[in-house]
Every structure is written in structure tokens, then in C-alpha cells.
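*Asks:* Pasting in a structure now, in C-alpha cells, and then I'll have a few things to ask.
The values are calculated or read from the model by the stated rules, or taken from the named source; none is laboratory data. Nothing here was measured: the structure is a model prediction, and the numbers come from that model. Cβ placement follows ideal geometry from the backbone for every residue including glycine, while neighbour counts extend to all protein chains displayed.
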Amino acid sequence: MSLLARLEKQKTSKPEGGKQGDQQPLKPKDPYEQLKMNIHKKIIEELKEIDKDNDNGNNPDALAVKIEETVLAILDKEEESIPRLDRMRIAKEISDDAIAYGPITPLLNDPEITEVMVNGPSKVYVEKKGRIELTDVFFRNNNHIMHVIERIVTPLGRRIDESMPMVDARLPDGSRVNAIIPPLALNGPTITIRKFFKDPLTIDDLVRFGTLTPQIAEFLEACVKARLNIVVSGGTGSGKTTTLNILSSFIPDSERIVTIEDAAELQLRQEHLITLESRPPNIEGKGSITIRDLVRNALRMRPDRIVVGEVRSGEALDMLQAMNTGHDGSLTTGHANSPRDMLSRLETMVLMAGMELPVKAIREQISSAINLIIQQSRMRDGSRKITHITEVQGMEGDVIVLQDVYVFKQESIGPDGALKGKYIATGIRPKFLEQLEAYGIVLPFETFNPSIL
């Protein structure tokens, strides 16, 4: 949709009672709200020529500058009494509404903010340094939020309306977006944006953040290069995808990588990379392409590595079969509270594939497919820690045997609320060391010495 069409739509759309565009009284009230609406109407005519030159949005930065200059010119001509700082703010807000993401644009541009949560028009929260804060940002009404959601999902060929009131999407920078609207969301349209760093994090960044230690980082790099099958497990917001992205960066450039995700957000830098993204059903409820479909298709694409953003259901069976049939070095993530819970979830997900398999057969598949589970947690102080690195050693009877290689032990909480703890090597040497040595990787003996890292 062109800039002019969007502006016209914002000007003419009126909320209806009981619908998702209901007007709601907002606090605080912007004293310049009516003025901005009046300028919004005037700028449509002023920007016709701009719109002709930028119909495809080829240069959004230059377009934003032109819009702000046009708004400032109108203010200089008609509203001389407004302070300069307020003029600049009004110009920026109108520009953000026209070509960006409205009031939340400054939040998305703030490098310290990791998550933006819109809970209806009058409540916008952010996560900063691991803690959630209420901001002073607000939308005019529900309809205003809907315009922002549509701007996010439309370029991706997705839609959101009362017949399909939930959508997963992504921003151009890879940030993950989830939106849910009335009648399901009673507070009004709700947006959750998990931001991605513009420059992908490296393993050194995780060491600096205290997520792991240099010794553990060296060990994980060796495991990826030796083509071990790895699952990163953890809760929501624990940093699983970030860790998966960093692990994937250790894959050699000479290998062919296929990534599979619901919304493409992995930021791999290798040359030989194929990125696949699932597709929701169309308006007729047809045409859906699931993660499971993509995993099966990836097996025909001659991959050296398969990286699945997250396994949630029946695709777990196809992923395990891929790991067991020559596709070593595959990586994925899953939601679980501990390595043992991750195994239980995998069993459940395999059963969701609709195959009538005995539990022992499923466990044998899991134990032979997965070499390592990395458990990541979001701690009470907002920090992210890798709390367990656990080897899957095989089966004893009907039970899968797990052995921790490294664990994080919490000791205390400081006066500032910061969590204090230490990483410990259990002293157990993993059974897969022979596989590492087959790839010419020899880790120092002290890597597994029982000690504080």
C-alpha cells in the first residue's frame, strides 16, 4: 500500500461501537492530538508528489526527512506559538505514523530495549535489562494499533482480522512479532515484539553477559564443529533463539545449511544458507505449509545441517528421524524447564505426529538422535544463564540416561537484586569425546576437571 493510500485510510477510518476500533479514553491526553489530526489531513495534499516518487518505499529515510520538513513548514506557518521541542516531536510522530510503526517506533530504535509489549492503546510496556517497565507511550485508540499491525503483516503476505485474529510475523530486521486482536484480546489489539540486535551477538558477548564461561564456550564450539545433535531448551524469553543463533555461527562455511522457522529470525552469516519459513492458511483455510512439511522437504535438499527454530509438535518425529539418518549436526530449540522435561516434551510431540509408536521405541529414537541438551533459564534478576549442559548417554532399560557436564549453581542474591552463582564442571568426561577427536578436536584435560569455572 502506498504512503498516500495509508494516510487516506488513517484519515477516513472511523471506529465502530463494539468493534476492534472502539475509541477509549486515554491517559495522559496529548494536548496536540487535535492539531496532529488536522496536520495529518493537510499533509495528504502536500505529499502527493513525494508519494509518486516513493511509491515502493525505496528510500524510507529520505521520505521521513521530507515528511518532517513538510510538517515543520506547516507548523511554522500556522502555529508559531508552539515551542520548538514540541514542534520536532509532532513532526517525528506524524512521520512515524506515516512510514514506520507509530508511537512504538522510538522504542524499537532503542538498543537497550529487548521487548516491546502493547497491551491495548493506553498500556505499552518494555523489557529493559531483563526487567519490565511501563512507558508513557500510548496510541489514540484500537484502530491506531490495527494500522500498525497491518503495516507489519501486509508485506509478509499475512493477514489479521476477526476471522483470523492471531498472527506471527517479523520485522525487516528479524525481530519477532505476535499480534492478537478482539474478540480474543479483551484489552484491545495486543502486540508483542521480541527485538533482535542489529548486530548479531557473538559467543564473546554471552561470556561478557555471564550467560556462560570461556571454558564452556570452547566446549560448545567443539561440539558444533564435531557435528553433534544439540537441543537448546528453556522457557519463554530465556534466550534460546539467541543461543541457537550463536551455535549456528560455528558451522563451517563449507557446509550447506537449511534453516526452518515459523517466522525467519535466525541471523546466520554463512554463504551456503537456505532459509525456509512456514505459511499459515489463506482466507479459505487452505494452503498451510507447516514446520513438519518443511522438515520433510529439507531432507530432499541435500543439507549438511538442518536448523529448526523450534519444535512444537509432530515435526519432532521428522527431526529425530533426520538426526538418525545421516543428518548429524542438526540444531533446534524447545520449551522445557529442565533437560529431563525436554525429553518428556519430545515424547509428547512425537505422539502428536499421529504415529502409534510404543513409548520405548520413541525413547530409543530420542536417545540415539540427541547428543547434547543445553538448558537455558531467565533468572530472577532478569539475566539469562545456561544452567545445565547435559549429555544424552543412551538407554538403561526403559529410561534415557542423562549426565550433566556443566551446571550453574546459584549461591545468593546481592543487595542490588543481582543473582550470584558459579559454573561447575561435574568431572564427567562425555562419551562423545571420541567423535570430537575424529574431527581433529582435542580439548584440554582440565576442560572437565571438577572445579569452579
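*Asks:* With (1) modelled with pLDDT of 90 or more; (2) under 28 Å from ASP262 (Cβ atoms); (3) of a type outside the set (Asp, Glu); (4) not in a helix (DSSP H, G or I) as the list, and SER344 as the residue in question, which single condition is left unmet?
*Replies:* (4)
*Asks:* For the range 410-447, give me each residue that is within 21 Å of VAL231 (Cα to Cα) and either among the aromatic types (Phe, Trp, Tyr) or in a strand (DSSP E or B) (or both).
*Replies:* Within the range 410-447, TYR423, ILE424, ALA425, PHE432, TYR439 qualify.
*Asks:* Give all pairs with beta carbons closer than 8 Å in which a residue from the range 391-416 that is in contact (Cβ under 8 Å) with a residue 12 or more places away in the chain and buried (at least 17 other Cβ atoms within 10 Å of the Cβ) meets a residue that is assigned to a strand (DSSP E or B) and of a type in the set (Gly, Ala, Ser); count only pairs at least 6 apart in sequence or on separate chains.
*Replies:* What qualifies is ILE400/GLY394; VAL405/ALA425; TYR406/ALA425; PHE408/GLY421.
*Asks:* So which residues in the range 207-234 are aliphatic (A, V, I, L, M), touching a strand residue (DSSP E or B) at 6+ places or on another chain (Cβ under 8 Å) and under 23 Å from GLY326 (Cα atoms)?
*Replies:* Taking the range 207-234 and keeping what is aliphatic (A, V, I, L, M), we get 207, 212, 216-217, 220, 222, 224, 226, 228, 230-232.
Pick out the ones that are also touching a strand residue (DSSP E or B) at 6+ places or on another chain (Cβ under 8 Å) and you get 212, 216, 220, 224, 228, 230-232.
Correct list: LEU220, VAL224, LEU228, ILE230, VAL231, VAL232.
*Asks:* Checking LYS129 against (1) at pLDDT below 90; (2) under 28 Å from SER238 (Cα atoms); (3) touching a Pro at 6+ places or on another chain (Cβ under 9 Å), which single condition isn't satisfied?
*Replies:* Going through (1) at pLDDT below 90; (2) under 28 Å from SER238 (Cα atoms); (3) touching a Pro at 6+ places or on another chain (Cβ under 9 Å) one by one, LYS129 breaks only (3).
*Asks:* On to the next question. Looking only at the range 283-324, which residues are of a type in the set (A, V, I, L, M), assigned to a loop (DSSP other than H, G, I, E, B) and either surrounded by 23 or more Cβ atoms within 10 Å (Cβ to Cβ) or outside the structural domain of ARG256 (by TED's automatic domain parsing) (or both)?
*Replies:* At the first step, the residues of the range 283-324 found to be of a type in the set (A, V, I, L, M) are 283, 289, 291, 294-295, 298-299, 301, 306-308, 311, 316-317, 319-320, 322-323.
Add one more test, that the residue is assigned to a loop (DSSP other than H, G, I, E, B), and what stays is 283, 299, 301, 311.
Matches in the range 283-324: VAL311 only.
*Asks:* If you go through the range 259-270 one residue at a time, do you hit one that is part of a loop (DSSP other than H, G, I, E, B), farther than 16 Å from GLY174 by Cα and in contact (Cβ under 8 Å) with a residue 60 or more places away in the chain? Spell out how you get there, then give the answer.
*Replies:* Taking the range 259-270 first, the residues part of a loop (DSSP other than H, G, I, E, B) are 262-270.
The next check asks that each one be farther than 16 Å from GLY174 by Cα; those that pass are 270.
From the residues that got through so far, the ones that are in contact (Cβ under 8 Å) with a residue 60 or more places away in the chain too are none.
The answer is no; no qualifying residue exists.
*Asks:* Inside the range 325-340, can you point out the residues that are among the small types (Gly, Ala, Ser) and not in a strand (DSSP E or B)?
*Replies:* Of the range 325-340, the ones among the small types (Gly, Ala, Ser) are 326, 329-330, 334, 336, 338.
The answer is GLY326, GLY329, SER330, ALA336, SER338.
Listed here are the residues, each with its yes/no results for (1) in contact with a strand residue (DSSP E or B) (Cβ under 7 Å, 6 or more places away or on another chain); (2) of a type in the set (Ser, Thr, Tyr).
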site: ASP96; (1), (2): no, no
site: GLY102; (1), (2): no, no
site: LEU108; (1), (2): yes, no
site: PRO111; (1), (2): no, no
site: MET117; (1), (2): yes, no
site: TYR125; (1), (2): yes, yes
site: LEU134; (1), (2): yes, no
site: ASN141; (1), (2): no, no
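*Asks:* On to the next question. Looking only at the range 173-200, count how many residues are outside any strand (DSSP E or B) and at pLDDT 85 or above.
*Replies:* First, the residues of the range 173-200 that are outside any strand (DSSP E or B): 173-175, 181-189, 195-200.
Then drop every residue that is not at pLDDT 85 or above, which leaves 175, 181-189, 195.
Matching residues across the range 173-200 total 11.
*Asks:* Can you give me the number of residues within the range 191-249 that are over 20 Å from GLY174 (Cα atoms) and among the basic types (Lys, Arg)?
*Replies:* Selection size over the range 191-249: 3.
*Asks:* Taking the range 225-258 only, how many residues are under 24 Å from ARG194 (Cβ atoms) and either small (Gly, Ala, Ser) or outside any loop (DSSP other than H, G, I, E, B) (or both)? Show your work before the answer.
*Replies:* Step one: list which residues in the range 225-258 are under 24 Å from ARG194 (Cβ atoms), which gives 230-251, 257-258.
Now narrow it down to the ones that are either small (Gly, Ala, Ser) or outside any loop (DSSP other than H, G, I, E, B) (or both): 230-235, 237-249, 257-258.
Selection size over the range 225-258: 21.
*Asks:* Oh, and also: Based on what the data block shows, is LEU244 of a type in the set (A, V, I, L, M) and crowded, with 20+ Cβ neighbours inside 10 Å? Walk me through it before giving the result.
*Replies:* Details: of a type in the set (A, V, I, L, M): yes; crowded, with 20+ Cβ neighbours inside 10 Å: yes.
So LEU244 passes the test.
*Asks:* Taking the residues in the range 325-344 that are surrounded by fewer than 22 Cβ atoms within 10 Å (Cβ to Cβ) and of a type in the set (S, T, N, Q) as candidates, determine which candidate is farthest from THR387 (Cα to Cα).
*Replies:* The selected residue is THR325.
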